[in-house]
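Okay, so here's the structure we're looking at.
Please treat every number below as a calculation from the coordinates, not as lab data. None of the values given here were measured: they were computed from a predicted structure. Cβ sites come from the backbone with ideal geometry, for glycine too, and all protein chains shown count toward neighbours.
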Amino acid sequence: MAIRNVLKLGQDDAALRRHAREVTKFDDRLAQLLGDMAETMYADDGAGLAAPQVGVLKRAVVIDVGEGLIELVNPRVLETQGEVTVVEGCLSVPDRAGRVVRPEKVRVQAQDRTGKVIEVEGEGMLAVCLCHEIDHLDGVLYVDKMIEDVSDRYRKAERGAQDGGQVQ
Ligand code: NI
């Protein structure tokens, strides 16, 4: 595994704004990508990372909100419930934070690294992360949905309950 460079908004960021392609090959290359993404996420103390953030336009994300690593390939939201306002950050938007409205609960269908169909249900921080990461696959960043920029008031302690602190 290897740590990959995380693209930052405003610099070499074209891949962040593009629509990622469905994964059709569940091969060693995909396994390598997912492994590298997890390593990169942990190295940056993030709670999630999407493939476009490392310049790979494939529909793959990794998430760990403190309950273990989740790998999702070709994820899509099946159902959402409720609404919650959270403060998010993003590894591609360093040193900034903003308030975003997200579902309280979400049900996602995806595939694992072998192509097996799986379902993940999340609430709270996991729901937020799932939505944030899946947005990345469509070129959407939290700053596009932000209802308030709280970068100035950003304090690390404040971010625990949301997008993972230094998420995605
Ligand atoms: Ni992000």
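Radius of gyration (Cα atoms) of segment 13-163, expressed as a multiple of 2.2 N^0.38 Å: 0.97.
Build a GNM of the chain with springs between Cα atoms under 10 Å apart, and of Leu137, Leu78, Leu91 the one that fluctuates most is Leu78.
Counting only Cβ charges, +1 for Lys and Arg and -1 for Asp and Glu, the dipole size of the chain around its Cα centre is about 360 debye.
Take every Cα pair under 8 Å in the chain that's 6+ residues apart, average their separations, divide by the length, and report that relative contact order as a whole percent.
Values: 395 pairs, mean separation 45.0, N = 168.
Reported as a whole number, the value is 27 percent.
The label-point distance for Glu123 and Asp144, in a model that sets each label 7 Å from Cα toward Cβ, rounds to 2.9 nm. Between helix 28-43 and the chain there is an angle of about 20 degrees, using the helix long axis and the longest principal axis of the Cα atoms. If you run the Gaussian network model on the chain, springs between alpha carbon atoms under 10 Å, then out of Lys105, Lys145, Lys116 the most flexible one is Lys116.
Each part reduced to its alpha carbon centroid, segment 1-28 and segment 129-143 end up 12 Å apart.
Projecting the Cα atoms of Ala97, Val84, Gln109 onto the dipole axis of segment 13-163, where Lys and Arg carry +1 and Asp and Glu carry -1 at the beta carbon, places Gln109 farthest toward the positive end.
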